[in-house]
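A.B. asks: Structure below; questions to follow.
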Amino acid sequence: MKHLLLVFALSGSALPAVAAETLHNGVVLPDPWPPSRSIEELRKGEVMPVPYLKTPPAVIPVDVGRQLFVDDFLIEQTTLKRTFHKTRSWEGNPMLQPDKRWEKIYQNPKTAMAFSDGVWWDPQDQIFKMWYMAASFGCTAYATSKDGLHWEKPTLDVRPKTNIVLLSTQRDSTTVWLDHDATDPAQRWKFFQFNRDSYMGSVHTSPDGIHWTEPVWTGYTADRTTFFYNPFRKKWVFSLRDEAFKGPWDYKSRPVKPIGRSRRYVEADDFVKGAKWPDFAGGREWRPGEPVHWFASDKLDSVGIPEGEMKAELYNLDAAPYESLMLGLFCILHDNSRAGRPKINDIMFGFSRDGFHWDRPFREPVIAVSDDVKAWNAANLQSVGGGCCIVGDKLYFYHSGRSEGFEQTGVAFLRRDGFASMDGTGALTTRALRFRGKHLFVNAALPQGELRAEILGQDGNVVAPFTAANCEPVNGDRTKAALKWNGAADLSALSGKAVRIRFHLKNGSLYAFWISPDATGASHGYVAAGGPGFPGARDTTGN
């Protein structure tokens, strides 16, 4: 008998699961969907299995977005070495500080902190917009910037003579999302808030991100719950905090009952209606109809931690669509108190090609707490809703940090597509691919090297004239460079056929490739929280 799983549909009510879904990249979702993980699997710290990496599609469509080398999904064979990269902190941090009276109403800490909240480029107004926590567990405030680095706090009419946009007596984390595809302009902005006074979640919508609707109360959840949008499946996903252990709220018990904080998963077609998930109880197995057990910190997060000391925990999981995949921002709690600093949280990357299963091949912080106990980011680093903004050749990762008496906001930079690179001198052959585009582009650093490519048919032979000898070499350090072949205007002759691409790299680094329908290099992938030059949620300009 076919197993059925209750999931949330447009109406917000529970309906049986439908037939298996095939994604833009050829991945077929398992049935039932979403799958529930065993509570024992989470408690034991088992690493999450990723089905599409174990059994990738026979032919991978690559029409959506830049194709990143963060895993082996696209790679059949290579002699190159993969390197993961960390961000670089801006020397002007913290860029947002508590300097308004309503941000300092409590003696400690004074707060201007994006606690998820959101930082977005708004193409309508052509400015960056930020939402953040004003005062510790205070209200939500709003700031704007022309360059994403220097911020202003405008005077608004919600709370006259302040930049407050949503009053609250005890807000915890919130998430703000720009819905580029909203059919109702009044719901262009989406907002979730966890309210500590009532210990309930609420959702709100807005036409401008300033004037918000009255709360619509959600199903049961807990503090640090967030949400994101998965545009590959057109689903709103709520990342619900849960506790994957039984017992009292006692940090001393956690080495015996490891994992602690974990996540449950809810997806919905409609943001407001989908927020009405049923209540669930923490620390026990999943029951049909409940939000499913999803993710927790695993044993690889606690390598080197002696017995008897607190194990690492998943403090939060934010996510955003970046090019052809979902980018995960994992806030990992390593210690609840170190040298008097509360909550030693670092931010790490994870990657998902189906929006549920996460691959975390790099277990070092990409945004780390400072070793300086007096630094603005000495503790409690937290990611920001929207993931990152794209500004020219850089990704801007906004995050908050805590020091003695202050909670503030900063930014860190990463090369565009710069999560991982394939390095050295050698070759990389992709798995079988299919595309409808015409122009092959790469993101590569070749200051003293070069890159060529050739196209292989299904029989493994090179397809003329797309040979390495005919390929014009790419040199220099470029985040968008076209590969061209003598004797061929473009790749249109290969459109719709299953082929492999073999890259020949000499003394350099390859970050990504993509096949665009346009000579501009537009990837038609997703651009997270956007950036100057992007008119919407996707790269349609080749900026």
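A.B. asks: If I model the range 286-342 as equal point scatterers sitting on the Cα atoms and use the Debye formula, what is log10 I(q)/I(0) at q = 0.17, 0.29, 0.30 Å⁻¹?
C.D. replies: Taking Cα atoms of the range 286-342 as identical point scatterers yields -0.77, -1.15, -1.18.
A.B. asks: Leaving ligands, DNA and RNA out of it, rank ILE164, ILE105 by accessible area with a 1.4 Å probe, largest first.
C.D. replies: Details: ILE164 10, ILE105 100 Å².
Ranked from most to least accessible, the order is ILE105, ILE164.
A.B. asks: I would also like to ask the following. Compute the distribution of all C-alpha to C-alpha distances in the range 64-159, in bins of 5 Å from 0, and list the percent of pairs in each, rounded to whole numbers.
C.D. replies: All Cα pairs, binned at 5 Å, distribute as 2, 10, 16, 17, 13, 10, 8, 8, 7, 4, 2, 1, 0 percent.
A.B. asks: Sticking to Cα atoms, compute the Rg of the range 33-75 to one decimal and its Dmax as the biggest Cα-Cα distance, whole number, in Å.
C.D. replies: 14.1, 39
A.B. asks: Considering the convex hull of the alpha carbon atoms of the range 375-438, report its projected area averaged over all viewing directions, in nm², one decimal. List each step's numbers first, then the result.
C.D. replies: Values: hull surface 31.5 nm².
Its Cα hull, projected and averaged over all orientations, spans 7.9 nm².
A.B. asks: Step through the table entries LYS100/LYS161; LYS104/LYS153; LYS100/LYS343; LYS81/LYS484; LYS44/LYS299, compare each Cα-Cα distance with 18 Å, and write down the pairs that go over it.
C.D. replies: Working: LYS100/LYS161 11 Å; LYS104/LYS153 15 Å; LYS100/LYS343 26 Å; LYS81/LYS484 25 Å; LYS44/LYS299 8 Å.
LYS100/LYS343; LYS81/LYS484, as the Cα separations exceed 18 Å there.
A.B. asks: Would you work out which of HIS504, VAL59, GLY282 lies farthest towards the positive end of the dipole of the chain? Charges go on Cβ: Lys and Arg +1, Asp and Glu -1.
C.D. replies: The residue sitting most towards the positive pole is GLY282.
A.B. asks: Taking the Cα centre of the range 11-114 as origin and charging only Cβ (+1 Lys, Arg; -1 Asp, Glu), how large is the dipole, in debye to the nearest 20?
C.D. replies: Working: 13 positive and 12 negative charges, 138 e Å.
Taking the Cα centre of the range 11-114 as origin, the dipole is about 660 debye.
A.B. asks: Here's another thing I want to ask about it. Can you work out the Karplus-derived ³J(HN,Hα) for every residue in the range 79-89? Use 6.51 cos²θ - 1.76 cosθ + 1.60 with θ = phi - 60°, whole Hz, and x for glycine or proline.
C.D. replies: So the J values, rounded to whole Hz, are 10, 8, 10, 7, 10, 8, 10, 9, 7, 10, 6.
A.B. asks: Lysines within cross-link reach of LYS276: Cα-Cα under 17 Å, excluding same-chain residues under 8 positions apart?
C.D. replies: LYS190, LYS235
A.B. asks: What residue among ASN380, VAL366, ILE347 has its Cα farthest toward the positive end of the dipole of the range 316-395, where the charges are +1 on Lys, Arg and -1 on Asp, Glu, each on the Cβ?
C.D. replies: Projecting each Cα onto the dipole axis, the largest value belongs to ASN380.
A.B. asks: Please report, in debye to the nearest 20, how large the charge dipole of the range 59-159 is about its Cα centre when each Lys and Arg carries +1 at its beta carbon and each Asp and Glu carries -1 there.
C.D. replies: Values: 13 positive and 13 negative charges, 99 e Å.
I would put it at about 480 debye.
A.B. asks: For TYR396, TYR132, TYR199, what's the largest-to-smallest order of accessible area, 1.4 Å probe? Please report the intermediate quantities before stating the final value.
C.D. replies: Working: TYR396 20, TYR132 0, TYR199 105 Å².
Putting TYR396, TYR132, TYR199 in descending order of accessible area: TYR199, TYR396, TYR132.
A.B. asks: For the range 440-543, take the convex hull of the Cα atoms, compute a quarter of its surface area, and give me that in nm², please. Provide the component values of the computation, followed by the final result.
C.D. replies: Details: hull surface 28.4 nm².
Dividing the Cα hull surface by four gives the mean projection, 7.1 nm².
A.B. asks: Going toward the positive end of the dipole of the range 429-543, with +1 on Lys and Arg Cβ and -1 on Asp and Glu Cβ, which of TRP485, GLY460, HIS439 do you reach last?
C.D. replies: Farthest towards the positive end: GLY460.
A.B. asks: For the chain, just run the numbers: alpha carbon Rg, then divide by 2.2 N^0.38 Å, N being how many residues it has.
C.D. replies: Numbers: Rg = 23.3 Å, N = 543, 2.2 N^0.38 = 24.1 Å.
With N residues counted in the chain, Rg over 2.2 N^0.38 Å equals 0.97.
A.B. asks: Please compute the Kirkwood hydrodynamic radius of the range 319-408 from all pairs of different C-alpha atoms, in Å with one decimal.
C.D. replies: Details: mean 1/r = 0.0718 Å⁻¹.
Over the range 319-408, the inverse of the mean reciprocal pair distance is 13.9 Å.
A.B. asks: Enter the accessible area of HIS504 (Å², nearest 10), with the probe set to 1.4 Å and all protein chains included.
C.D. replies: In the full protein context, HIS504 sits at about 70 Å².
A.B. asks: Packing-wise, with mean Cβ within 10 Å as the measure, how do 24-36, 364-376, 320-332 rank, highest first? Working shown, then result.
C.D. replies: On the way: 24-36: 18.5, 364-376: 15.7, 320-332: 24.4.
So the order, starting with the most tightly packed, is 320-332, 24-36, 364-376.
A.B. asks: Tell me, what is the per residue accessible area of the chain in Å², probe radius 1.4 Å?
C.D. replies: Working: 20770 Å² over 543 residues.
Here the per-residue accessible area is 38 Å².
A.B. asks: Might you work out the accessible area of ASP477 for me, using a 1.4 Å probe with all protein chains in place, and round it to the nearest 10 Å²?
C.D. replies: Roll a 1.4 Å probe over it and ASP477 shows about 100 Å².
A.B. asks: Here's something else I'd like to know. Which aspartates and glutamates have a Cα lying under 12 Å from the Cα of LYS506, excluding residues fewer than 8 positions away in the same chain?
C.D. replies: Qualifying aspartates and glutamates at Cα under 12 Å: ASP423, GLU450.
A.B. asks: Let me spell out the model: positive unit charges on the Cβ of Lys and Arg, negative unit charges on the Cβ of Asp and Glu, origin at the Cα centre of the chain. What dipole size does that give, in debye rounded to 20?
C.D. replies: Details: 65 positive and 62 negative charges, 72 e Å.
Charge dipole of the chain: 340 debye, to the nearest 20.
A.B. asks: Leaving out same-chain residues fewer than 8 places away, which lysines sit with a Cα under 19 Å from that of LYS146?
C.D. replies: LYS129, LYS394
A.B. asks: Take the Cα pairs of the range 25-113, get the Kirkwood Rh, then feed it into Stokes-Einstein at 37 °C and 0.692 mPa s and tell me D in µm²/s.
C.D. replies: Reported coefficient: 174 µm²/s.
A.B. asks: Continuing with this model, one more query. Return the carbon/sulfur percentage of the accessible area of the chain, one whole number, probe 1.4 Å, all protein chains in place. Walk me through the numbers before you get to the answer.
C.D. replies: Details: 10750 of 20770 Å².
Result for the chain: 52 percent of the exposed heavy-atom area is carbon or sulfur.
A.B. asks: Expressed in whole Å with the largest first, what are the equivalent ellipsoid semi-axes of the range 350-474 derived from the C-alpha gyration tensor as the square root of 5 times each eigenvalue? Don't skip to the answer; put the middle values down first.
C.D. replies: Working: eigenvalues 331, 56, 36 Å².
After diagonalising the Cα gyration tensor, the semi-axes are 41, 17, 13 Å.
A.B. asks: Evaluate Rg over Rh across the range 108-184, taking Cα atoms for both radii and Kirkwood's formula for Rh.
C.D. replies: Using Cα coordinates only, the ratio equals 0.97.
The values are calculated or read from the model by the stated rules, or taken from the named source; none is laboratory data. The structure displayed is predicted, hence computed values, not measured ones. When we count neighbours, we look across all protein chains shown, and the Cβ atoms used for this are built from the backbone with ideal geometry, even at glycine. All accessible areas refer to the heavy atoms of the entire protein, side chains included, with ligands and DNA or RNA removed. Shrake-Rupley method; radii C 1.70, N 1.55, O 1.52, S 1.80 Å.
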